[in-house]
1. May I ask you to list the residues in segment 139-153 that are touching a Lys or Arg at 6+ places or on another chain (Cβ under 8 Å) and more than 15 Å from Leu98 (Cβ to Cβ)?
2. Pick from segment 84-118 the residues that are in contact with a Phe, Trp or Tyr (Cβ under 6 Å, 6 or more places away or on another chain) and under 24 Å from Tyr73 (Cβ atoms): which of them is surrounded by the fewest Cβ atoms within 10 Å (Cβ to Cβ)?
3. Could you please find all residues in segment 138-158 being in contact (Cβ under 8 Å) with a residue 60 or more places away in the chain and open to solvent by 80 Å² or more (accessible area, probe 1.4 Å)?
4. Report, by residue number, each residue of segment 24-59 that is closer than 18 Å to Asp139 by Cα, open to solvent by less than 70 Å² (accessible area, probe 1.4 Å) and of a type in the set (A, V, I, L, M).
5. If I go through segment 9-18 residue by residue, how many of them are free of Cβ contacts under 8 Å to residues at least 24 places away in the same chain and surrounded by 11 or more Cβ atoms within 10 Å (Cβ to Cβ)?
Amino acid sequence: MIAQLRKQLVQHGPALLRVPAKLTPFSLQKKIMLESLAMVFKEALADGDFEFLEDRWLKVEVRDLDLQWFISYQDQKLVVAEHCEHHDVSFSGECNDLVLIAARKEDPDTLFFQRRLRIEGDTELGLEVKNLMDSIDLDSLPSPVKFLLQQSADFIYQGMQTNVIEKEVIHAH
């Protein structure tokens, strides 16, 4: 019973989040994104590791929430925009998959080859972004953030495993 409830929440949770996410003003989305990126990439920003993104644009899209942001590095700081004329590379995926990637429960390369994560555009730039994301030390995150991320990812992962197990049982018959 609990497994079925978890499965339903994992499957339909993003649809429930879509409307509130779309109604959130971009100014608030931008503030949250910039603060989150500054926290997660504190060390990388201090070391100048974002210079490869100087005057270039990364599009990040959460397809099932119908959200997208454009991120660049200008004047030694990250910039988040609602629109840009041309982006150099884009990363897009479903909300659940992106949470799993962030928490290291799924490998981005695996999801890419399963076509659950799309990386389009400048492949060299995309690889640099992916490598920077891989370099994040989850232990450096504030404890409440790390806890929330890990708990969310565990919940999603277990809910998705229920689907896999059910498919295996169906195919066994």
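1. Matches in segment 139-153: Asp139, Ser140.
2. Residue satisfying both the conditions and the ranking: Cys84.
3. Result: Gln158, single match.
4. Leu37, Ala38, Met39, Val40, Ala44, Leu45
5. Count: 0.
The values are calculated or read from the model by the stated rules, or taken from the named source; none is laboratory data. Worth saying up front: this structure is predicted, and the values here are computed from it rather than measured. Because the Cβ atoms are built from the backbone with ideal geometry, glycine has one as well, and the counts that use them run over all protein chains shown. Areas reflect the complete protein model, heavy atoms only, side chains present, ligands, DNA and RNA absent. Shrake-Rupley method; radii C 1.70, N 1.55, O 1.52, S 1.80 Å.
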